[in-house]
Amino acid sequence: MKLVVPTHYLDEITTCARGRAMYDNLLVETIQKARDNAVSWERIGEALGVSRQAATQRYQKLMRPAPPLRRVAADKDIWAEADG
């Protein structure tokens, strides 16, 4: 007796996997934007419903490095992204 697997289940699995990948990419991009704007790992962890440590361990390796900064005014503590 040969087992027949309904293909619609496999199609649904494929669709879910693609949707998850899109969601994961969007989540990483959003976390990157938060980090670029000085949001702490603690706050990100709270938003994700996990600890700071869990958020850091899961997502920090996926973040791109912050751009270098340059002082805008010598007499003030004002910084901006350095020009390429």
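The values are calculated or read from the model by the stated rules, or taken from the named source; none is laboratory data. Note that the structure is a prediction, hence the values are computed from the model and not measured. Methodologically, a virtual Cβ is constructed for each residue, glycine included, from the backbone with ideal geometry; neighbour enumeration extends over all protein chains shown.
Looking only at residues that are touching a Phe, Trp or Tyr at 6+ places or on another chain (Cβ under 9 Å) and either under 13 Å from R64 (Cα atoms) or in contact (Cβ under 8 Å) with a residue 60 or more places away in the chain (or both) in the stretch 32-46, which one is surrounded by the most Cβ atoms within 10 Å (Cβ to Cβ)? Break it down stepwise before answering.
Kept after step one, since they are touching a Phe, Trp or Tyr at 6+ places or on another chain (Cβ under 9 Å), are these residues of the stretch 32-46: 32, 35, 41, 44.
Adding the requirement that they be either under 13 Å from R64 (Cα atoms) or in contact (Cβ under 8 Å) with a residue 60 or more places away in the chain (or both) leaves 32, 35.
Values: Q32: 15, R35: 17.
This residue is R35.
Of all residues in the stretch 47-65, which are hydrophobic (A, V, I, L, M, F, W, C), in contact (Cβ under 8 Å) with a residue 12 or more places away in the chain and in a loop (DSSP other than H, G, I, E, B)? Correct list: M63 only. In summary, G49 fulfils each of the numbered conditions (1) modelled with pLDDT under 95; (2) exposed (fewer than 13 other Cβ atoms within 10 Å of the Cβ) with the single exception of condition (1). From the list E12, E29, the one residue that fits, being assigned to a helix (DSSP H, G or I), surrounded by 10 or more Cβ atoms within 10 Å (Cβ to Cβ), at pLDDT below 95 and of a type in the set (D, E, K, R), is E12.
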